[in-house]
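Notes follow once the structure below has been shown.
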Amino acid sequence: MKIYLVKLQQAAVMTGIALSGIEIGGAISPANALTFNFTPAAGTSQQAIDGFTTAGSLWSSLFTDSVTVNVNINFTALSAGTLGEASSSTQFFSYDRVHGALSNDRTSTDDRTAVNSLSKPPTFNMLLNRTANSPNGAGSATPYLDSNGDANNTTINLTSANAKALGLVANNNDNDASISFSNAFNWDFNPNDGISDGAFDFVGIAAHELGHSLGFISGVDTLDGNASGTFYNDSQFTYVSPLDLFRYSTDSKNANAIDWTADARDKYFSIDGGATNITAFSTGDVFGDGRQNGHWKDNLGLGIMDPTISSGELLQINENDKRALDVIGWNRVGNGSPNAQIGNFVQNSNGIAGTDGLARADATVPEPADFVGTFIFATITAKIIIDRRQQLRDATDKSV
């Protein structure tokens, strides 16, 4: 049975962390390490708390940043057929500041390569489409080079946790993410002995959601969900994420720009200006491949940030996942090596859940927002559509 992580943020080749090396509910962290501060809602079971803690430990063992990520967690009754809900807080910063922070944060070969590939501040260029002011006509699907240096060429949208990793904000007690799982489903809380048939990997799915909170998001979903009916000018799409700075296509590489289009053309992760295709991204729920852009390409075993997962599957973090978070500001321990394993997820858009009329043995899993929002995952009897349409902010808003 395949689980869809509604329209956001995977099949995985698993990472160098052996789950058997981490006790359930325990934590393995270097002296300087990423820390998760989980705040459980009243009534959350200890089993669920331990599952979230174990998921956090997977990421903590990989990164050395002295950052505390504050996450509200819950394991409770949700709407009928809803597997879970998740959201992440985001903040806007100027590209100039983000570029400087990434440059100051270089600790790996990938970091140095990635920063060298970035456009010189204060602006960056993108391949774009479906805007009101497209030179090809309002809402045209034909890509064009957006190099006019206005708000969307100078603004980056980061999760608050990612901003902490880059030193753009100090550690604080503000909430960075919220995750709720339904207690009405069959969960397997112990990945050390595999995942039982018909059960969902609680730790793996929680780790997937935490990956989104760390910054594995794409603002292209904002364009993808706001590119029909009413169109908006390019300057209003100020939702480029740090990960989007490494999102390319053959066309965008040739234009010396990132690819921020909403269409089905192949998009890939590259840290050298598009010259090297490391691995493939999903291309969008509406105009792409049916999977939110803030994920790896579906069904290829590319990492824990794949958009779909089947019941009975064990999920793990792999080298692709680690490299992606490394270049957006997280500092790797450097002693991990990938191992192989598969898992998958999907996501849909907007804050309203509904069925698509197809009775399927699918379940939608929690998806964090690449902008503030709540996502409802799917049911096991029918795919749930999550309307995650982003309300564009006014073009006169200032980033910091």
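Determine if the range 99-108 includes at least one residue that is in a strand (DSSP E or B), of a type outside the set (Asp, Glu), buried (at least 16 other Cβ atoms within 10 Å of the Cβ) and touching a Pro at 6+ places or on another chain (Cβ under 7 Å).
Looking through the range 99-108, none of the residues is in a strand (DSSP E or B), of a type outside the set (Asp, Glu), buried (at least 16 other Cβ atoms within 10 Å of the Cβ) and touching a Pro at 6+ places or on another chain (Cβ under 7 Å).
Step by step: first the residues of the range 57-96, then only those that are β-branched (Val, Ile, Thr) and within 16 Å of Leu166 (Cβ to Cβ), then the one that is farthest from the chain's Cα centre (by Cα). Which residue is that?
Of everything passing the filter in the range 57-96, Thr64 is farthest from the chain's Cα centre (by Cα).
Which of the numbered conditions does Ser79 fail, given that it passes all the others? Conditions: (1) part of a helix (DSSP H, G or I); (2) surrounded by fewer than 24 Cβ atoms within 10 Å (Cβ to Cβ); (3) not hydrophobic (A, V, I, L, M, F, W, C).
Tallying (1) part of a helix (DSSP H, G or I); (2) surrounded by fewer than 24 Cβ atoms within 10 Å (Cβ to Cβ); (3) not hydrophobic (A, V, I, L, M, F, W, C), Ser79 fails exactly one: (1).
Is it the case that Ala12 is buried (at least 24 other Cβ atoms within 10 Å of the Cβ) and either at pLDDT below 95 or over 24 Å from Lys164 (Cβ atoms) (or both)?
So Ala12 fits the description; yes.
Residue-wise test of (1) in contact with an Asp or Glu (Cβ under 8 Å, 6 or more places away or on another chain); (2) at pLDDT below 95; (3) on the phi > 0 side of the Ramachandran plot.
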residue: Gly219; (1), (2), (3): yes, no, no
residue: Thr222; (1), (2), (3): yes, no, no
residue: Asn256; (1), (2), (3): no, no, yes
residue: Gly273; (1), (2), (3): no, no, yes
residue: Gly284; (1), (2), (3): yes, no, yes
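What about Arg291, is it basic (Lys, Arg), more than 12 Å from Ser117 (Cβ to Cβ) and surrounded by fewer than 24 Cβ atoms within 10 Å (Cβ to Cβ)?
no
Residue-by-condition table, conditions (1) out of contact with any Lys or Arg (no Cβ under 6 Å at 6 or more places or on another chain); (2) surrounded by fewer than 24 Cβ atoms within 10 Å (Cβ to Cβ); (3) hydrophobic (A, V, I, L, M, F, W, C):
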{"site": "Asn277", "(1), (2), (3)": "yes, yes, no"}
{"site": "Leu300", "(1), (2), (3)": "yes, yes, yes"}
{"site": "Ile304", "(1), (2), (3)": "yes, no, yes"}
{"site": "Ile309", "(1), (2), (3)": "yes, no, yes"}
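Here are some conditions: (1) surrounded by 15 or more Cβ atoms within 10 Å (Cβ to Cβ); (2) assigned to a loop (DSSP other than H, G, I, E, B). Ala138 meets all but one. Which one does it not meet?
Result: Ala138 fails condition (1) only.
Within the range 90-113, identify whether any single residue is closer than 30 Å to Thr76 by Cβ and modelled with pLDDT of 95 or more, and answer yes or no.
Yes, some residue in the range 90-113 is closer than 30 Å to Thr76 by Cβ and modelled with pLDDT of 95 or more.
Output the number of the condition that Lys253 fails; it satisfies all remaining conditions of (1) surrounded by fewer than 24 Cβ atoms within 10 Å (Cβ to Cβ); (2) within 20 Å of the chain's Cα centre (by Cα).
(2)
If you take the residues in the range 311-321 that are at pLDDT below 95 and on the phi < 0 side of the Ramachandran plot, which one is surrounded by the most Cβ atoms within 10 Å (Cβ to Cβ)?
Here the answer is Leu315.
The values are calculated or read from the model by the stated rules, or taken from the named source; none is laboratory data. What you see is a predicted model, and the numbers here were worked out from it, not measured in a lab. Cβ atoms come from the backbone with ideal geometry, glycine included; neighbour counts cover every protein chain shown.
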